[in-house]
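What follows is calculated from the coordinates using simple rules that are stated; it is not laboratory data. The model shown is predicted, which means the values in this text are computed figures rather than measured ones. All Cβ positions, glycine included, derive from the backbone under ideal geometry; neighbour counts span all protein chains shown.
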Amino acid sequence: MTPAAGKFPRALIYVMMALVIITMVLARFHYRRENRAVDPRIVPARKLYEGYNALAAANDYAGVINLLDTIEHIYRQIPHYAGSFEICVLENNRAAVYLTLGLSYDSLSSPFHFMGQDSLMALGESAARKSISGYEEWQKRYEGKDERAIRQAVQSGFGTGFEPYLDNRIGEITKAIEETPRRLSVSYTNLGLAYRYREDYQEAASCYQQAIDLWEDNLTAENNLNILLGRPLKKRNFLQKMFPKSK
């Protein structure tokens, strides 16, 4: 019995190793195929965006702003992407940077410090507003459309030489339609921070409530609203910490 019992774990290990290798091969194949399907006109922007988290983690705020500006410039050179959801993402990231610097003005220094706290908060508010208006316009353009309607709406932006990338773009837009409420929720949360800084608590509470209505799991908005209303803060439970929902 002992030898047989010893063989089972070893066999299981071999099976697991094989599954890991197969998964890695399939993932590599998937991402290579996915990357080949991405519109080459925006590949430089996508590659640049991969450096966003590292710059943010290093508190390199000037680097983040320069990165966002460069990426936006790439997108805006192409008519189809000039009013895309990607621009709204960039605006909300920009809002997060300026609001962070403004709210942490006494503890964080940056090349933007000379502008003063009020100016930083104003820049954050402006970026949040641009993000919100951009998302809402984008929603009006695509929400409720099926794949065929989306194709008709965007195919003019994928003329000669770019037809092979149209299907992938339609897939990105379809996914973004589902993600936009959550992204818009984060933008409203940021706008609420700007109102709260100006002590306009009624408008701040309204923004937080809109954020929660758009995405009920927006704990940041919920707790900011709880603070304004004098209610206890809500904490994530163990499962929520281990398996947070996508933002």
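Karplus couplings for segment 195-200 from phi (6.51 cos²θ - 1.76 cosθ + 1.60, θ = phi - 60°), rounded to Hz, Gly and Pro as x?
Per-residue couplings from phi come out as 5, 5, 4, 7, 6, 9 Hz.
Hand me the trypsin sites (Lys or Arg not before Pro) from segment 150-222 located in a DSSP loop with no more than 15 other Cβ atoms within 10 Å, in residue order please. Spell out each step's value before the answer.
Working: sites: Arg151, Arg169, Lys175, Arg182, Arg183, Arg196, Arg198; in loops: Arg198.
Answer in residue order: Arg198.
With labels modelled as points extended 7 Å from the Cα through the Cβ direction, what inter-label distance (nm, one decimal) is found for Lys235 paired with Asn59?
Distance between label points: 2.7 nm.
With Cβ to Cβ distances under 13 Å as the rule, what net charge do the other residues near Gly161 carry (K, R +1; D, E -1)?
Values: positive: Arg41; negative: Asp39, Glu163.
After counting each charged neighbour, the total is -1.
Want the number for Lys47 to Phe114: 0.36 nm per residue separation, take away the alpha-carbon distance, what's left?
Numbers: separation 67, 0.36 × 67 = 24.12 nm, distance 3.12 nm.
In short, 21.0 nm is gained.
Once phi is turned into θ = phi - 60°, what whole-Hz ³J(HN,Hα) does the Karplus curve with 6.51, -1.76 and 1.60 give for every residue of segment 76-87, x standing for Gly and Pro?
6, 6, 10, x, 4, 8, 4, x, 7, 5, 4, 4
Just to be sure I understand the model, the point goes 7 Å from the Cα along the line to the Cβ. What's the resulting Thr174 to Ala37 distance in nm?
Rounded to a tenth, the inter-label distance reads 0.9 nm.
Sorted from fewest to most neighbouring beta carbons within 10 Å, what does the list Leu48, Leu90, Leu103, Leu123 look like? Show your work: numbers first, answer last.
Values: Leu48 14, Leu90 24, Leu103 18, Leu123 21.
Fewest-to-most Cβ neighbours within 10 Å comes out as Leu48, Leu103, Leu123, Leu90.
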